[in-house]
Amino acid sequence: MRSIRRGDSGPAVAEIRSILVGLDLLTTASDVFDDEMDEAVRAFQQNRGLGVDGLVGDETWGALDASRWRLGARTLFHSVPDALVGEDVRTLQERMLEMGFDAGRADSIYGARTARAVAQFQREVGLTPDGSCGPQTLKALRRLGRKVVGGRPQWLREAEAFRQAGTNLVGKTIVIDPGHGGGDDTGVVVPDGPLRWTEADLVFDLAARLEGRLAAAGMRVHLTRGPHPTEPMSGADRAALANSLGADLLISLHLDGHDNEAADGVAAYHYGTGSGLSSTVGERLANLVQREIVVRTGMRDCHIHAKTWELLRLTRMPAVRVDLGYLTSPADRDRLVNPLFREQIVEAILAAVQRMYFPVERDVPTGSIDVRQLRMALSNRA
Ligand SMILES: [Zn+2]
């Protein structure tokens with residue numbers, strides 16, 4: 001089709017305008033493509049990752065058309081080979097991510113990963129996990145939106161064992177694993193004038209801060225190592241320690257490094273084979289930790305990934321490893337060496353742990369838990 005552009009008028013323009021009004025990008029309906037509409041089209045293109053040229057060609061029209069779908073207007077499911085596309089899918093994906101279910105990127109396409117996230121959500125609220133989003137699932141989503149507690153759901157077996165431990169942090173055992181640190185295992189090292197930043201020291205500092213905050217919230221906290229252990233520890237050693245303590249959760253802290261100093265950002269890892277077999281609770285913990293850190297610190301989101309590393313494979317509790325930025329990136333390093341920034345990371349992890357113990361029905365949006373009020377919230381519930 002010929003691109004519709006500034007200066008055009010007619011029914012096609014009127015239709016596009018009405019979509020833009022529906023998206024709150026324009027305020028007035030008419031059939032004239034004016035400057036205001038040109039700006040609205042560009043804003044839309046920018047938002048959807050399209051080429052920003054203010055022209056409504058095939059691609060922009062397709063995206064505009066898809067944006068008309070509002071969540072609830074149709075049943076969503078994983079359709080093969082032509083996937084369902086639309087604003088409703090995007091809203092759902094954002095909702096899933098927000099609640100800690102890994103729907104991948106919010107790309108408006110209802111693919112296998114979105115269906116899997118929906119199925120995981122359905123299991124947790126006691127619905128048939130068919131991976132499609134119809135009236136029942138929408139009802140559950142809306143109910144959660146209003147923060148009303150539902151009936152007792154039938155959890156996944158793994159989730160059930162986790163939930164049976166109760167929703168309170170008090171008395172739970174958490175193992176914090178600062179990476180590296182034994183013998184001459186320093187992890188990533190970056191010289192900085194007379195100073196020398198090492199991954200082992202920085203993650204130990206983070207672990208010690210986290211230990212204090214989690215203990216203050218009533219958890220039993222164990223670190224896998226002290227500041228300067230004499231012997232290096234393998235992933236298997238660390239997993240065995242956590243298993244022997246009967247821990248409820250394990251969080252392993254690392255920093256990343258790369259030859260290219262432009263590499264930066266935070267990533268979280270949970271147990272999984274990549275072929276679909278994965279620890280549901282571990283994946284959710286990874287998602288919550290990742291989301292809280294990204295939202296609260298603004299670090300680049302390098303997403304969560306399934307790995308079969310010893311530490312993740314051999315631990316019997318939900319376990320997550322998080323790589324908290326690149327020590328080799330000047331931008332990440334400047335922030336990581338600042339104790340106030342490390343405190344922000346600690347608060348993000350604390351909020352994620354707290355959310356793990358909220359029932360899904362009572363979960364809250366990312367970044368919204370005020371961790372300073374954690375103790376108060378806990379004592380109110382007691
Ligand atoms: Zn490391």
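The numbers here are math on the coordinates, done by the rules we state, and not lab data. None of the values given here were measured: they were computed from a predicted structure. Virtual Cβ from ideal backbone geometry, glycine too; neighbours counted across all protein chains shown.
Numbers at a glance
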item	result
Sorted by Cβ neighbour density within 10 Å, fewest at the top, the residues His228, His254, His78	His228, His78, His254
Sorted by Cβ neighbour density within 10 Å, fewest at the top, the residues Leu340, Leu127	Leu340, Leu127
Three-way shape call for the chain based on the alpha-carbon gyration tensor, with the a/c threshold at 1.5	prolate
Charge dipole of the chain about the Cα centre (unit charges at C-beta), most positive-ward option of Gly62, Tyr357, Thr280	Tyr357
Residues Val89, Val80 arranged by fewest to most Cβ contacts within 10 Å	Val80, Val89
Positive-end residue of Gly111, Thr137, Leu92, charge dipole of region 87-149 with Cβ unit charges	Thr137
Highest to lowest packing among 43-55, 171-183, scored as the average C-beta count within 10 Å	171-183, 43-55
Cα-centred dipole magnitude for the chain, charges only on beta-carbon of K, R (+1) and D, E (-1), debye, nearest 20	1880
J(HN,Hα) series, region 291-308, from Karplus relation 6.51 cos²θ - 1.76 cosθ + 1.60, nearest Hz, glycine and proline x	5, 4, 5, 4, 5, 7, 10, x, 5, 4, 8, 9, 6, 9, 9, 8, 9, 10
Pairwise centroid distance, computed over Cα atoms, of region 12-72 with region 206-266, Å	48
Student exercise, region 11-66 dipole from Lys, Arg, Asp, Glu Cβ charges, in Debye to nearest 20	180
Simple Cβ-charge dipole of region 87-149, Lys/Arg +1 and Asp/Glu -1, about Cα centre, in debye nearest 20	260
Residue-averaged [θ]222 nm for the chain, counting only DSSP H segments that reach four residues, each worth -39500 (n - 2.57)	-13000 deg cm²/dmol
Options Gln120, Ala208, Ser30, ranked by Cα towards positive dipole end of the chain, top entry (Cβ charges)	Gln120
From phi via Karplus (6.51, -1.76, 1.60), per-residue ³J(HN,Hα) for region 81-87 in Hz, x at Gly/Pro	x, 8, 5, 6, 10, x, 4
Region 56-123, relative contact order [Cα under 8 Å, separation at least 6], %	27
Percent antiparallel among DSSP beta bridges (both partners in the chain, rounded to 5)	40
Hz values of 3J(HN,Hα) by residue in region 216-233 - Karplus curve (6.51, -1.76, 1.60), Gly and Pro given as x	5, 7, x, 8, 8, 10, 10, 9, 6, 8, x, x, 9, x, 7, 9, x, 10
Sorted peptide list for 109-119, 217-227, criterion being average Cβ within 10 angstrom, highest first	109-119, 217-227
Among Ser30, Ser234, Ser252, residue whose mean-square fluctuation peaks in a GNM of the chain (springs only between Cα atoms under 10 Å)	Ser30
Rg(Cα)/(2.2 N^0.38 Å) for region 26-70, N = residue count	1.11
